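Student: Before I ask anything, let me first share the structure, which is written out below as structure tokens.
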Amino acid sequence: MNILVSGLSQAENIGQVVGLPVQVIGFDFRESSPRFVSLIHSGAGFLPDYAQAAHRAPADSQRPIGTLGCFCDDMPQTIVTRVVNHRLDYVQLDGEELPVMIDNLKRTLVSDIQPGIRVVKSFVLRNAADFALCDAYHGCADLLRFDLSALQSPGRFDLLRQYSGPTPFIVAGSIAPEDAAQLRGFTHPQCWGVELNEGFEDEPGLKNLERLRLFIENLGN
């Protein structure tokens, strides 16, 4: 199961997290978020403040670390700027973005800027009927992100077994260290991986390395 650690915002912490067995790290570009990653002004223009740390792989590892940017109803040109400045491999869309917007964004990025870009479209799940909302996005989104934060029952991951679509998905939404045991037993042919965020923080944007390490070990990765 792939591990995505999202909501990173401190350069030193980013450098530490990429030393863990994770596949993707995420930046939050929603201005309303306490994990918002800004651009800093260099005097000669704007520079990404955390891109260098994000791509700092462990010296003893050739393991590539993907980078993801989280957006919500942003203008395409804003997303393109972030992809360039932060060398993003994934774009996550958490708003009301329509399939036509995703198609247009991918045409711009794939042809001229980032040929390997992958787009993740988020959906908040409350029941199995919500899977129908994904139908229009099969074929344009590369991954779906299923946010389970609206469900608090111990068996909330079982809802995902009812998904029958062709697009791979990420399990997300208030995932906590104690969820490792249930996720270890969860299988689905389209499950790409799990997103770890606020349940592993000492404060917004600062991830607890020991909590992350223990979860990954308990998950069996």
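Student: Considering only C-alpha atoms, what is the centroid distance from segment 1-28 to segment 146-199, in Å?
Tutor: Their Cα centres are 19 Å away from one another.
Student: Binned at 5 Å from 0, what are the whole-percent values of the Cα-Cα distance distribution for segment 86-221, short to long?
Tutor: Computed distribution, short to long bins: 2, 9, 18, 20, 19, 15, 11, 5, 1, 0.
Student: Order these peptides, 138-147, 208-217, by their mean beta-carbon neighbour count within 10 angstrom, highest first. List each step's numbers first, then the result.
Tutor: Working: 138-147: 19.4, 208-217: 16.0.
The densest-packed peptide leads the list: 138-147, 208-217.
Student: State the percentage of accessible surface on the chain attributable to carbon and sulfur atoms; use a 1.4 Å probe and exclude ligands, DNA and RNA. Let's see the in-between values first.
Tutor: Details: 5050 of 10120 Å².
Its accessible area is 50 percent carbon and sulfur atoms.
Student: In debye, nearest 20, what is the charge dipole magnitude of the chain about its Cα centre with +1 on Lys and Arg Cβ and -1 on Asp and Glu Cβ, if you could check? Don't jump to the answer; show the numbers that get you there.
Tutor: Working: 18 positive and 27 negative charges, 98 e Å.
The dipole of the chain has a size of about 480 debye.
Student: If the chain between Gln190 and Glu96 were fully stretched, how many nm would it gain, using 0.36 nm times the residue separation less the Cα-Cα distance?
Tutor: 31.5 nm
Student: Okay, next question. Under a Cβ-Cβ cut-off of 9 Å, what is the net charge of the residues other than Phe29 that fall near it, where Lys and Arg count +1 and Asp and Glu count -1?
Tutor: On the way: positive: Arg30, Arg82; negative: Asp28, Glu31, Asp74.
Local charge sum for Phe29: -1.
Student: Tell me, in nm to one decimal, what length is gained between Asn218 and Phe36 on full extension, where the rule is 0.36 nm per residue of separation less the Cα-Cα distance?
Tutor: Working: separation 182, 0.36 × 182 = 65.52 nm, distance 2.95 nm.
Once the chain is fully extended between Asn218 and Phe36, it gains 62.6 nm.
Student: May I ask you to give the solvent-accessible area per residue for the chain, in square angstrom, as obtained with a 1.4 angstrom probe?
Tutor: Values: 10120 Å² over 221 residues.
Computed with neighbouring chains in place, this is 46 Å² per residue.
Student: Taking Cα pairs under 8 Å and at least six residues apart, what relative contact order does the chain come out at, in percent?
Tutor: Details: 397 pairs, mean separation 43.4, N = 221.
Relative contact order of the chain: 20 percent.
Student: Can you compute the helix-only [θ] at 222 nm over the chain? Use -39500 (n - 2.57) per DSSP H run of at least 4 residues, normalise by all residues, nearest 500 deg cm²/dmol.
Tutor: Values: 6 runs with 52 residues, N = 221.
Helix-only estimate at 222 nm: -6500 deg cm²/dmol.
Student: Also: Share of antiparallel DSSP beta bridges in the chain, in percent to the nearest 5?
Tutor: 15
Student: Take peptides 89-102, 177-190 and line them up by average Cβ neighbours within 10 Å, highest first, as a rough protection proxy.
Tutor: Numbers: 89-102: 18.5, 177-190: 13.7.
The peptides rank, most packed first, as 89-102, 177-190.
The values are calculated or read from the model by the stated rules, or taken from the named source; none is laboratory data. Small disclaimer: the values here were computed from a predicted structure and weren't measured. Positions of Cβ are generated from backbone atoms using ideal geometry, with glycine treated the same way; all protein chains shown enter the neighbour counts. Just so you know, the surface numbers come from the protein's heavy atoms only, side chains and all, with ligands and any DNA or RNA stripped out. Shrake-Rupley method; radii C 1.70, N 1.55, O 1.52, S 1.80 Å.
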